[in-house]
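K.L.:
What follows is a structure written as structure tokens; I'll ask about it next.
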Amino acid sequence: MKPHPDDFSEFYSRENITLDIRLIEIGYRYFRPHFRVGTCLELGPATGYMTRLLVEDFPHVTAVEGAADLLSQIPHFENLTKVHALFEEFTPRTRFNTIMMNHVLEHIEEPIPLLRRIRDWLADDGVLILGVPNAKSFHRLAAVRMGLLETEYSLNERDRELGHFRVYDLNQLREDALEAGYAVEAEGGTFLKFLANSQMESTMNDSMLEAYHELGLDFVENCAEVFLALTTAK
């Protein structure tokens, strides 16, 4: 049976992903320069940790989430429309200037057909911000050296718990985007990660998190997260 977002919704409680949320709040600044003025579509908002930021930057945000329990945890905002639907079943009534899809593509069994579908939801001058965890993050490379992972692309326990099908690197993400008919406007990475989340929570304060985000600008291919800003290929 094909997995459903509801199967993994319990993991996304604030207790489980407190550090992830903090990293996304810090890393959000690297997405903002690529936003287009106008409407925004967020795909896979989970409990709305990025939604809270997007509603401050856009006059209207549409958030589409396949897990009803997660969608119900997103607060109400005047300029937010929440939609309970699988991406494969969602059909928007309008096109969007900015589409945000962060930490989603690794959950999709067949990513390229979905990326092609999303391309039709972009306005002519629109941008898709596509972010994923990075296989070549230093913490995964270290896990290979320690014998904890067979390769950096192997799924670890957390990947399986989250329902991931694969772990991307920047090259693979770029290849899928190009095959789906996009042009790459920009690419980047956020945060240098050397330790597991549990270790970071007990050793790193906000100043350290900020510093390792800034260092990521010099080591994009080895950041914990990588992203592309995509437009429709002409």
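K.L.:
Of all residues being assigned to a helix (DSSP H, G or I) and surrounded by fewer than 16 Cβ atoms within 10 Å (Cβ to Cβ) in segment 209-219, which is modelled with the highest pLDDT? Just the residue, please.
P.N.:
Asp218
K.L.:
With respect to the numbered conditions (1) surrounded by fewer than 17 Cβ atoms within 10 Å (Cβ to Cβ); (2) within 18 Å of Asn222 (Cβ to Cβ); (3) of a type in the set (A, V, I, L, M), which one is the sole condition not fulfilled by Val132?
P.N.:
(1)
K.L.:
Looking at segment 135-148, can you tell me whether even one residue there is crowded, with 16+ Cβ neighbours inside 10 Å, in a strand (DSSP E or B), at pLDDT 95 or above and not acidic (Asp, Glu)?
P.N.:
Looking for residues that are crowded, with 16+ Cβ neighbours inside 10 Å, in a strand (DSSP E or B), at pLDDT 95 or above and not acidic (Asp, Glu), one finds none in segment 135-148, hence no.
K.L.:
Now a separate question. Could you please find all residues in segment 176-219 being under 21 Å from Leu122 (Cα atoms) and among the charged types (D, E, K, R)?
P.N.:
Asp176, Glu179, Glu185, Glu187
K.L.:
Restricting to segment 108-120, give me the number of residues that are at pLDDT 95 or above and surrounded by fewer than 18 Cβ atoms within 10 Å (Cβ to Cβ).
P.N.:
Result for segment 108-120: 5.
K.L.:
Here are Val167, Val127, Val184: which of them is aliphatic (A, V, I, L, M) and in contact with a Pro (Cβ under 8 Å, 6 or more places away or on another chain)?
P.N.:
Answer to the selection: Val167.
K.L.:
Assigned to a helix (DSSP H, G or I), farther than 18 Å from Leu23 by Cβ, basic (Lys, Arg) and without any contact (Cβ under 8 Å) to a residue 24 or more places away in the chain: does that describe Arg160?
P.N.:
Yes, satisfied.
K.L.:
Another question about this same structure. So in segment 14-51, with the set limited to residues that are β-branched (Val, Ile, Thr) and in contact with a helix residue (DSSP H, G or I) (Cβ under 8 Å, 6 or more places away or on another chain), which one is modelled with the highest pLDDT?
P.N.:
Thr47
K.L.:
May I ask you to say which residue of Tyr168, Tyr182, Tyr153 is surrounded by 15 or more Cβ atoms within 10 Å (Cβ to Cβ), at pLDDT 90 or above and over 22 Å from Ile99 (Cα atoms)?
P.N.:
After applying the criteria, what remains is Tyr153.
Table: residues versus (1) under 28 Å from Ile112 (Cβ atoms); (2) at pLDDT below 90.
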{"position": "Lys2", "(1), (2)": "yes, yes"}
{"position": "Tyr12", "(1), (2)": "yes, yes"}
{"position": "Leu53", "(1), (2)": "no, no"}
{"position": "Glu56", "(1), (2)": "no, no"}
{"position": "Gly66", "(1), (2)": "yes, no"}
{"position": "Phe96", "(1), (2)": "yes, no"}
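K.L.:
Hey, among Ala46, Ala63, which residue is hydrophobic (A, V, I, L, M, F, W, C), surrounded by 20 or more Cβ atoms within 10 Å (Cβ to Cβ) and assigned to a loop (DSSP other than H, G, I, E, B)?
P.N.:
Going through Ala46, Ala63 in turn, the sole match is Ala46.
K.L.:
Of the residues in segment 66-97, how many are in contact with a helix residue (DSSP H, G or I) (Cβ under 9 Å, 6 or more places away or on another chain), over 18 Å from Ile24 (Cα atoms), among the aliphatic types (A, V, I, L, M) and not in a helix (DSSP H, G or I)?
P.N.:
4
The values are calculated or read from the model by the stated rules, or taken from the named source; none is laboratory data. Predicted model, so just to flag it, every value in this text is computed and none were measured. Every residue, glycine among them, receives a Cβ derived from its backbone with ideal geometry; neighbour counts consider all protein chains shown.
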